[in-house]
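Beneath this line is the structure, given in C-alpha cells, with notes to follow.
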Amino acid sequence: MTPGGETGLLIETRRSIRNGKKTSVVREYAFDRGLFAELRETLKQAAIEKGQWGEIDRTEEDRGPDYSHLSVEELRERQAIFAETRAKLDALDAARSNTGLIEAAPGSVEQC
C-alpha cells in the first residue's frame, strides 16, 4: 500500500518497460492537484458560510504594549530601564563574539 494512496490525492500509473526479453512493470505516482484544489475550495466555502473565513484583525497585536496609563515619570523610568537592558545585552553579545564565551545557563557565562 502506498502512503497517502487511500486519500485519493495520489494517482497511480503503471508502465511496462521492456529490456530485451524481460518486461517489468513500474508504478509511478502523481499528486492530483485538481482534486486537491476542489477540496480546498469546498473547505473555503464551508468556512465562509460559517463566518470563519476572512482576514484576521491584527491591529491590537501590531500596536505593541499600551503605555497610555503611565505618567511621564513612569515612561522615562521604563525608557531608562530599556536603554540599560539594551546596553547590557549589546555588551554581552560583544563579549561572546570577542572571547568565545557561551551561555551555560540563563544568567551565567562560561569560558570555552
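Across the stretch 36-50, a minimum of one residue is classified as over 30 Å from THR13 (Cα atoms), modelled with pLDDT of 85 or more and part of a loop (DSSP other than H, G, I, E, B). Taken as a whole, the stretch 8-16 holds no residue that is closer than 30 Å to GLY54 by Cβ and in a helix (DSSP H, G or I).
The criterion of being surrounded by fewer than 10 Cβ atoms within 10 Å (Cβ to Cβ), part of a helix (DSSP H, G or I) and at pLDDT 85 or above does not hold for GLU84. Selection over the stretch 3-41 of residues that are surrounded by 10 or more Cβ atoms within 10 Å (Cβ to Cβ) and not charged (D, E, K, R) gives a count of 14.
Quick one: would you say ALA91 is among the aliphatic types (A, V, I, L, M) and modelled with pLDDT of 90 or more? So ALA91 fails the test.
The values are calculated or read from the model by the stated rules, or taken from the named source; none is laboratory data. Treat the numbers as computed from the prediction; the structure is a model and nothing was measured. Cβ coordinates were reconstructed from backbone atoms using ideal geometry, including for glycine residues, and neighbour counts include every protein chain displayed.
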